[in-house]
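S.K.: Pasting a structure below so you can have a look.
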Amino acid sequence: MTGYLTANDTPGSHADSWYAATAGEVPEYPVLEGETRADVCVVGGGYAGLSAALHLAERGFDVILVEANRVGWGASGRNGGQVGIGPRAEMGKYERAVGREDARKVWDIAVAANRLVKDLIQRRGIDCDLAPGYLEACWKASHAPEVMAYPEHLARHYDHHDCRPVSKDEMAGMLGTTRYHGGYLDMAGAHLHPLRYALGLARAAVGAGARIFERSRVTGLAPGRVATEAGSVTADHVILACNGYLDGLAPRVARRTMPINNFIIATEPLDEGRARSIIRDPVCVCDTKFVLNYYRFSPDNRMLWGGGESYGRRFPRDIAGLVRGKMLEVFPQLSDLAITHAWGGTLAITGTRFPAFQRLDERTLAISGWSGSGIHMATMGGQIAAEAVAGTMERWDLMARLPTPEFPGGDWFRAPLLALAMTWYSLRDRL
């Protein structure tokens, strides 16, 4: 069966995205060949795996990271570049699931995750166009009361004061559309070049002593042993950090996560005045559609627009047409723009949208299910997994308590059932 690792992309090469075209120097790491040993073997070269490798190497562990394709090849090199401030699900959902005390601890971890990304970029000198500002825009009038009350809730219960409500009229002044019904602005949120961030984490990990092997797809996983197509690693600990690209490697993880595909386009550059008429301030934007739109301008004023989803392994044939239609629904005045790049990628969601932290056996940890909040939460997930390997379990145990039930339908019917559910919710966006 064709898996997500090979269904849509050339193995061993980055997707033909604007990010890959502007990544700068992309180091190549060797293929793992033969048998070797390490204290820890990390599987997956995205944010979670790279962060785990970096933080373990900084603690003095001998670390090997194996990646099936290239560092940052998966969602970590293809996403919308938006750095959140909280976890993916809103705090009320955490409060109902685990109580306010544990919800506050999760919030503190998510805030620390946002700071961790910024600190790594500064401390490690990662050139990835980091810029502040996240704008949440209400797609429907019925969304506005809850969304606009959220900043006050965060200030009162979580001591977060960087977020403020935005009225419908102010939103129309901030964005070149009257489509939205208010929202909020959080200046602790940010946006960046996701692939250059991933490549920077890899350089930092290697600089700290980690060994990275690319084009080294894992074919077998057992306690303390990772087998690849051309070699193997024996290790005291294994951290599995594959997210949407598990491809059957760990069924226990797969049952709690669901791969979904998302798509992005890049337009030709706009002149400065026109770009500012669309997004007045250099912030990133995300709306409240269930199948949401997320967008921002690149440093050279290209619109980077994300939208649309699919739930099978194959991407649609006309990604550009699919996503362009989403963009023009909000900004019809951009109809003259040429699309220079169009690409897709696969992420993993959980049913609750809480991240999934799992201990698979006495030697193996798995972290996944970032559900669209991967830049900061996956970076933090890697740090927490590194702490757990080193014997500090407090944050790991908290995250492992979060409910991430198995998707219904088993291996055969999970995806069709999800597609039906997502279709229903997307129809609600139109009502």
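S.K.: Considering only A48, A388, A198, give the residue with the highest GNM mean-square fluctuation for the chain, with springs between Cα atoms whenever their separation is below 10 Å.
M.R.: A388
S.K.: Add +1 for every Lys or Arg and -1 for every Asp or Glu among the other residues with Cβ under 14 Å from the Cβ of S310, and state the total.
M.R.: Values: positive: R313, R314, R317, K326; negative: E309, D318.
Result for the neighbourhood of S310: +2.
S.K.: Would you mind calculating the relative contact order of the chain from Cα pairs under 8 angstrom and at least 6 residues apart, reporting the percent as a whole number?
M.R.: Numbers: 978 pairs, mean separation 103.6, N = 431.
Once divided by the residue count of the chain, the mean separation gives 24 percent.
S.K.: In region 315-413, what trypsin sites (Lys or Arg not before Pro) fall in a loop by DSSP, with at most 14 other Cβ atoms inside 10 Å? If you can, show how the numbers build up before the last one.
M.R.: Numbers: sites: R317, R324, K326, R353, R359, R363, R395, R401; in loops: R317, R353, R363.
For trypsin sites (Lys or Arg not before Pro) across region 315-413 that sit outside H, G, I, E and B with at most 14 neighbouring Cβ atoms in 10 Å, the list reads R317.
S.K.: Shifting gears a bit: Let's test this: bin the Cα-Cα distances of region 152-220 at 5 Å from zero up to the farthest pair and state each bin's percent.
M.R.: Result returned by the calculation: 3, 12, 12, 12, 11, 11, 10, 8, 10, 10, 2, 0.
S.K.: Working from the alpha-carbon coordinates of the chain, get Rg over Rh, Rh being the Kirkwood radius.
M.R.: Details: Rg = 20.6 Å, Rh = 21.7 Å.
Checking Rg against Rh, the ratio lands at 0.95.
S.K.: With r as the distance between the Cβ atoms of E33 and V291 and R0 = 41 Å, compute the FRET efficiency 1/(1 + (r/R0)^6) and round to 0.05. Please report the intermediate quantities before stating the final value.
M.R.: Working: r = 43 Å, r/R0 = 1.05.
It comes out at approximately 0.45.
S.K.: If a paramagnetic tag sat 7 Å from the Cα of D127 along the Cα-Cβ line, which residues of region 1-42 would have the backbone N under 13 Å from that point?
M.R.: Under cut-off, by backbone N: 22-26.
S.K.: While we're looking at this one, here's another question. Under 18 Å between alpha carbons, and skipping anything fewer than 8 positions from K168 in its own chain: which lysines qualify?
M.R.: Within reach: K140, K289.
S.K.: Now for a different question. What longest region of the chain stays clear of GluC sites (Glu not before Pro) that DSSP places outside H, G, I, E and B and that have at most 11 other Cβ atoms within 10 Å? Intermediate results must be reported in sequence, preceding the final value.
M.R.: On the way: sites that count: E25, E28, E362.
Of all site-free stretches, the longest is 29-361.
S.K.: Stretch E25-R59 to full length: gain in nm at 0.36 nm per residue minus the Cα-Cα span? Walk me through the numbers before you get to the answer.
M.R.: Working: separation 34, 0.36 × 34 = 12.24 nm, distance 2.79 nm.
Additional length available on full extension: 9.5 nm.
S.K.: Tell me, in nm to one decimal, what length is gained between T340 and M393 on full extension, where the rule is 0.36 nm per residue of separation less the Cα-Cα distance? Mind showing how you got there, number by number?
M.R.: On the way: separation 53, 0.36 × 53 = 19.08 nm, distance 4.65 nm.
Between T340 and M393, full extension yields an extra 14.4 nm.
S.K.: Relative contact order of region 95-210, please, whole-number percent, based on alpha carbon pairs below 8 angstrom and at least 6 residues apart. Provide the component values of the computation, followed by the final result.
M.R.: Details: 141 pairs, mean separation 38.4, N = 116.
Over region 95-210, the number comes to 33 percent.
S.K.: If the chain between D119 and S142 were fully stretched, how many nm would it gain, using 0.36 nm times the residue separation less the Cα-Cα distance? Walk me through the intermediate numbers first.
M.R.: Details: separation 23, 0.36 × 23 = 8.28 nm, distance 3.76 nm.
The D119-S142 span can extend by a further 4.5 nm.
S.K.: For labels at A149 and E362 in the simple 7 Å Cα→Cβ model, what's the distance in nm?
M.R.: Calculated label separation equals 5.1 nm.
S.K.: Further question: Restricting attention to the alpha-carbon atoms of region 220-318, what are Rg (one decimal) and Dmax (integer), both in Å?
M.R.: Spelled out, the Cα radius of gyration and Dmax of region 220-318 are 20.1, 58 Å.
S.K.: Run the simple label-point estimate for K168 and A112 please: 7 Å along Cα→C-beta, distance reported in nm.
M.R.: Placing both labels 7 Å along Cα→Cβ, they lie 4.2 nm apart.
S.K.: Still on this structure: Starting from the 7 Å offset along Cα-to-Cβ, what nm value, one decimal, do you get for the label separation of H161 and Q333?
M.R.: 3.6 nm
S.K.: Taking each pair of different alpha-carbon atoms in region 131-252 once, compute 1/r for the pair, average those values, and report the inverse of that mean as the Kirkwood hydrodynamic radius in Å to one decimal. Mind showing how you got there, number by number?
M.R.: On the way: mean 1/r = 0.0533 Å⁻¹.
Its Kirkwood hydrodynamic radius stands at 18.8 Å.
Read the figures in this text as sums done on the coordinates, not as results from a lab. This one's a predicted model, so the numbers in the text were calculated from it and none came from an experiment. Reconstructed Cβ throughout: ideal geometry from the backbone, glycine too, with neighbour counts over all protein chains shown.
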